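Taken together, the values in this text are just the output of simple stated rules run on the coordinates, not laboratory data. Keep in mind that what you see is a predicted model, and the values were worked out from it rather than measured. Glycine also receives a Cβ, built like all others from the backbone with ideal geometry; neighbour counts cover every protein chain displayed.
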Number of protein chains: 4
Amino acid sequence: MSELFDFGQKILAKQNFSALLGAELTKFEPGEAELTLVIRDELKQQHGFAHGGVISYLADNSLGFVGGSVLTDVVTSEYKINYVRPAIGEKLIARASVLASGKRQAVCQSKIFVIDGNKEQLVAVAQGTLNKVD
Amino acid sequence: MSELFDFGQKILAKQNFSALLGAELTKFEPGEAELTLVIRDELKQQHGFAHGGVISYLADNSLGFVGGSVLTDVVTSEYKINYVRPAIGEKLIARASVLASGKRQAVCQSKIFVIDGNKEQLVAVAQGTLNKVD
Amino acid sequence: MSELFDFGQKILAKQNFSALLGAELTKFEPGEAELTLVIRDELKQQHGFAHGGVISYLADNSLGFVGGSVLTDVVTSEYKINYVRPAIGEKLIARASVLASGKRQAVCQSKIFVIDGNKEQLVAVAQGTLNKVD
Amino acid sequence: MSELFDFGQKILAKQNFSALLGAELTKFEPGEAELTLVIRDELKQQHGFAHGGVISYLADNSLGFVGGSVLTDVVTSEYKINYVRPAIGEKLIARASVLASGKRQAVCQSKIFVIDGNKEQLVAVAQGTLNKVD
């Protein structure tokens with residue numbers, strides 16, 4: 001386990017909301033972050049899919065982590081998310097990467113996938129801005 | 001209580017994730033929707049503010065409700081959110097309205113405020129697209 | 001004519017691209033900016049509507065002006081735009097305002113309208129981030 | 001020259017605004033579209049960079065083309081764009097691809113690069129929704 005991954009785990013453990021949802025940091029390297037979440041009934045909406053707010057949480061948090069992997073301490077300034085498919089399955093995985101990064105700002109992308117049996121499908125794509133905190 | 005508000009309450013009650021977070025529908029009229037959420041410790045991130053994912057949930061869900069108030073059954077196609085201030089306080093209120101609406105699509109806005117004592121401040125602004133479901 | 005408006009006019013005059021398109025600054029006050037553009041054939045796309053790129057230009061530039069009205073010298077960091085209706089008519093007007101503003105950043109909105117005879121209709125809505133340049 | 005590329009050329013030729021700017025379609029395949037534009041003085045802003053509206057035009061139009069490459073006739077519903085670097089150089093290239101595509105909607109990405117001598121650098125990244133027109 002790398003020092004960065006260890007650092008990421010500690011941050012995630014301090015996020016009560018991430019604990020409430022059950023998110024796990026499954027990858028954390030310079031320029032890459034992955035969060036995994038088991039879809040339990042408490043995370044669903046009225047049609048039985050994972051709630052859009054859960055997908056958004058994964059987008060927001062994976063963007064924050066990947067931005068932090070290159071700029072250390074960041075805040076999410078903004079992001080946009082496109083939902084492309086209902087989230088039906090057992091598990092969600094958000095994979096975030098860096099599109100462009102400067103001294104004070106990183107523009108990052110997160111793709112959120114749902115795992116249903118042995119099928120993995122894209123559920124949403126997000127793009128956003130992370131700003132370094134002094 | 002209007003029929004629409006009653007309908008909205010029933011939808012919200014069927015969203016397990018909204019129950020987990022403790023969201024309440026505090027206004028629901030044609031073209032306007034308001035969700036209110038008490039900020040408890042479980043909803044916070046590592047700095048003690050309400051987690052961005054909580055704000056995003058409110059944006060996503062209030063946009064869905066306001067879109068539904070004019071188009072009946074909708075899905076959130078996409079939205080963008082700008083965070084403008086850390087969410088420090090007792091309560092969050094998302095107020096969503098319709099910017100433009102056609103037969104099959106509505107473009108809506110949600111402003112999310114934090115209530116801290118008797119002060120109300122803007123925390124985030126979101127803009128998104130809701131598509132009618134047949 | 002206010003000093004700010006005079007300043008705005010000078011900036012616009014230095015933008016060759018704005019001259020090519022024929023944009024005029026029709027309002028410029030702290031927190032408000034308006035750009036007006038006559039729709040001539042050169043600005044159209046294949047269906048005879050004003051091209052989306054023209055609408056985008058108005059969004060981008062009116063956001064830059066309104067951000068500059070509160071933060072002096074700014075760069076557009078990002079924005080999103082929703083098109084809500086084809087731009088058919090004689091003239092486009094972009095009206096930009098400030099949603100939230102801090103020391104270094106402003107989050108602004110621009111609504112773009114088309115004037116067709118004596119009818120004015122919303123064509124697009126944009127939301128974006130302007131960052132102060134040192 | 002493929003039939004699709006020939007079709008794309010004809011569409012671009014009918015866009016007066018694209019002719020005014022001088023855009024060329026340099027690639028057009030199912031799921032990929034590339035527009036190229038020489039940066040002449042008329043396309044600049046007050047600091048001598050290509051105007052944000054020019055970059056936005058390329059984002060908007062390349063998204064429209066790539067959406068059309070998979071869904072035939074489309075309209076741009078919305079997009080967001082992050083500017084990551086001033087556009088200084090001789091030429092701009094927008095490379096658009098499909099992130100997800102269904103029967104009626106495609107979510108696409110466009111990366112806009114500037115060519116300065118033999119250096120190519122990312123200037124902006126856009127993500128948007130294209131809807132099929134019946």
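Of all the Cα-Cα pairs you can form in the protein assembly as shown, what percent are over 34 Å apart? Before the final figure, lay out each step's value.
Values: 48524 of 143380 pairs.
Of the Cα pairs, 34 percent sit more than 34 Å apart.
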- line: The Cα extents of the stretch D:1-60 along the principal axes, largest first and rounded to whole Å, are 41, 21, 16
message: So if I place +1 on the C-beta of Lys and Arg and -1 on the C-beta of Asp and Glu, and nothing else carries charge, what would the dipole magnitude of the stretch B:3-132 be about its Cα centre? I want it in debye, nearest 20.
response: 300 debye
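I'd like to compare A:114-122, D:84-92, C:15-23: which one has the highest average count of other Cβ atoms within 10 Å, and what's the full order after that? Mind showing how you got there, number by number?
On the way: A:114-122: 12.9, D:84-92: 18.0, C:15-23: 19.8.
Put in order of decreasing packing, that is C:15-23, D:84-92, A:114-122.
Quick one: what do you get for chain C if you divide its Cα Rg by 2.2 N^0.38 Å? Please report the intermediate quantities before stating the final value.
On the way: Rg = 14.1 Å, N = 134, 2.2 N^0.38 = 14.1 Å.
Scaled against compact globular proteins, the figure is 1.00.
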- request: Give me Rg over Rh for the stretch D:51-122, both radii from the alpha carbons and Rh done the Kirkwood way, two decimal places.
  value: 1.02
message: Output the 0 to 90 degree angle, nearest 10, between the alpha-carbon long axis of helix C:3-13 and the longest principal axis computed from the alpha carbons of chain C.
response: 50 degrees
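Could you work out the mean count of beta carbons from other protein chains within 10 Å of each residue's beta carbon in D:100-107?
Details: counts 10, 1, 2, 0, 1, 4, 1, 8.
Per residue, the average neighbour count from other chains is 3.
Just need the relative contact order of the stretch A:3-132 here, percent rounded to a whole number, with Cα pairs under 8 Å and 6+ apart. Numbers along the way, then the final one.
Working: 292 pairs, mean separation 31.1, N = 130.
Reported as a whole number, the value is 24 percent.
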message: Using a 7 Å offset from the Cα along the Cα-to-Cβ direction at both B:ASN118 and B:GLU3, what is the distance between the two label points in nm, to one decimal?
response: 4.1 nm
- prompt: If you find the alpha carbon centre of the stretch D:61-84 and of the stretch A:80-134, how far apart are they in angstrom?
  reply: 20 Å
- line: The rounded separation in angstrom of the Cα centers of the stretch A:1-58 and the stretch C:8-24 is 47 Å
³J(HN,Hα), Karplus 6.51/-1.76/1.60, whole Hz, each residue of the stretch C:126-134, x for Gly, Pro: 10, 9, x, 10, 10, 10, 5, 9, 6
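Work the Kirkwood hydrodynamic radius out for the stretch A:27-83: mean of 1/r over every pair of different alpha-carbon atoms, inverted, in Å. Kindly include the intermediate steps, with their values, before the conclusion.
Details: mean 1/r = 0.0800 Å⁻¹.
This gives a value of 12.5 Å.
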task: Note the count of lysine pairs whose C-alpha atoms are less than 23 angstrom apart in chain B, limited to pairs 8 or more residues apart or on different chains.
output: 24
Convex hull of the stretch C:95-134 built on C-alpha atoms - directionally averaged projected area, nm²: 3.3 nm²
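Which whole number gives the average count of other chain Cβ atoms within 10 Å of the Cβ atoms across peptide A:87-93? Write down the numbers at each step before the final one.
Details: counts 0, 0, 0, 0, 0, 0, 0.
If you average over the peptide's residues, the count of other-chain Cβ atoms is 0.
Just tell me how shielded D:24-34 is by partners: mean number of partner chain Cβ atoms within 10 Å of each residue's Cβ, no decimals.
Details: counts 0, 0, 0, 0, 0, 0, 0, 0, 0, 0, 0.
Across D:24-34, the average partner-chain Cβ count within 10 Å equals 0.
Hey, could you get me the Stokes-Einstein D for the stretch B:57-96, Kirkwood radius over alpha-carbon pairs, 25 °C and 0.890 mPa s, rounded to whole µm² s⁻¹? The partial results should precede the final answer.
Details: Rh = 11.5 Å.
Estimated diffusion coefficient is 213 µm²/s.
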task: May I ask for the net charge around B:GLU34, where only other residues with Cβ less than 13 Å from the Cβ of B:GLU34 are counted and Lys, Arg are +1 while Asp, Glu are -1?
output: 0
query: Against the longest principal axis of chain D, how steep is helix D:52-71, in degrees 0 to 90 to the nearest 10, with axes from Cα atoms?
result: 20 degrees
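Mean residue ellipticity at 222 nm from the helices of the protein assembly as shown, using -39,500 (n - 2.57) per DSSP H segment of n ≥ 4 over the full residue count, to the nearest 500 deg cm²/dmol? Present the calculation step by step, with values, prior to reporting the outcome.
Details: 12 runs with 149 residues, N = 536.
Counting only the DSSP helices, I get -8500 deg cm²/dmol.
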- request: Could you go through the stretch C:43-49 in sequence order and give the Karplus-derived ³J(HN,Hα) for each residue, using 6.51 cos²θ - 1.76 cosθ + 1.60 with θ = phi - 60°, rounded to whole Hz, and x for Gly and Pro?
  value: 9, 9, 10, 5, 9, x, 8
